[in-house]
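Notes follow the structure.
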Amino acid sequence: MNQGATIELSVVIPVYRCTECLAELHRRLSAVLSDLRHEIIFVDDGSPDGAWELLERLAHERPAVQAIRLSRNFGQQAAITAGLAHSSGRWVVVMDCDLQDPPEEVPRLIAKAREGYDIVFARRTERKHSPLRQLGAKVFFSAINFSNNSRLDGAFGAFSLISRKVVEAFLTLGDRDRHYLFILNWLGFQATAIDYLHAERSAGASSYTFRALIKHAFEGMFFQTTALLRWIVYFGFLVSSCGLLLAAYFVYAYFVHSIYPGWTSLAVLILLIGGFIISSTGISGLYVGKIFEQVKGRPLYVVDRVVPHR
């Protein structure tokens, strides 16, 4: 049954390797949302730690809970999209499942939205991640902002509130390589932010390993924009200009000083130009590969089960 006319708030929570947090997360969310007509949508993104059994039980016992099981692990961005597609609230809160996003902050997001904003971000005033991860986030967002001429802040995470019209606009995008914050930034709409204290992780370990973070950063930096291709063109012109200047110098030296260019300069030029050609061809190939993945038209995720059916 579609309850879109009665549900005020939907909470979308991607779940992966966080079984120990789920019962407490549900308890705290239910407490702070008791005065609102709400639904809590847990999306099991192929979690290997038995999360589905707990979510299924919660969905059967609690009318406000909906559990969605994806057929395998598709990634956090796909899980968020699946949750948004199944939501029906006037507003939708997206948050992590590890309790680092305190449920007690949700009423503040709602209060800010009621001032007329379509998007309310939550800015972490003090991150509980490792110093290396925080440094990596700063470098990543600085590079993104430089290449895209944007103002994304590394203090923001998935924790946010969006209105129904933002959800509908979000779901029209067919990008396979997607990042929740980048899409919201691209969509526009009236946005604001609140500050909150990032909590300690209550159980388990982050599913974002160093390798996964590097992959996520690489895809976000290169495949959300064509900026890298533009920089390859700029660098190509720079290399060509340097080559012309060197050629002019060698011709001048040949006629004026009667000397031949040395083997060292020749080897350096060959290595420089050859390395640039190989790297630029490889990067262009990555973009072609992404185009191939996109045009195949496969769904972003596949739903295995939904409990209860609505």
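Some points to look at:
- Taken together, the residues in segment 77-109 that are buried (at least 18 other Cβ atoms within 10 Å of the Cβ) and assigned to a helix (DSSP H, G or I) amount to 12.
- Answer residue from segment 4-32, given it is part of a strand (DSSP E or B) and not small (Gly, Ala, Ser) and is surrounded by the fewest Cβ atoms within 10 Å (Cβ to Cβ) among those: Leu9
- Test: residue in segment 59-69 that is of a type outside the set (Ser, Thr, Tyr), free of Cβ contacts under 8 Å to residues at least 40 places away in the same chain and in a helix (DSSP H, G or I): yes
Results for (1) under 23 Å from the mean Cα position of the chain (by Cα); (2) surrounded by 20 or more Cβ atoms within 10 Å (Cβ to Cβ); (3) not assigned by TED's automatic domain parsing to the domain that holds Leu99, shown as yes or no for each residue.
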| residue | (1), (2), (3) |
| --- | --- |
| Ser34 | no, no, no |
| Arg37 | no, no, no |
| Ile41 | yes, yes, no |
| Ser47 | yes, yes, no |
| Gly50 | no, no, no |
| Leu55 | no, yes, no |
| His60 | no, no, no |
| Leu70 | yes, yes, no |
| Asn73 | yes, no, no |
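The values are calculated or read from the model by the stated rules, or taken from the named source; none is laboratory data. The shown structure was predicted, so the numbers you read here are calculated from the model rather than taken from an experiment. Methodologically, a virtual Cβ is constructed for each residue, glycine included, from the backbone with ideal geometry; neighbour enumeration extends over all protein chains shown.
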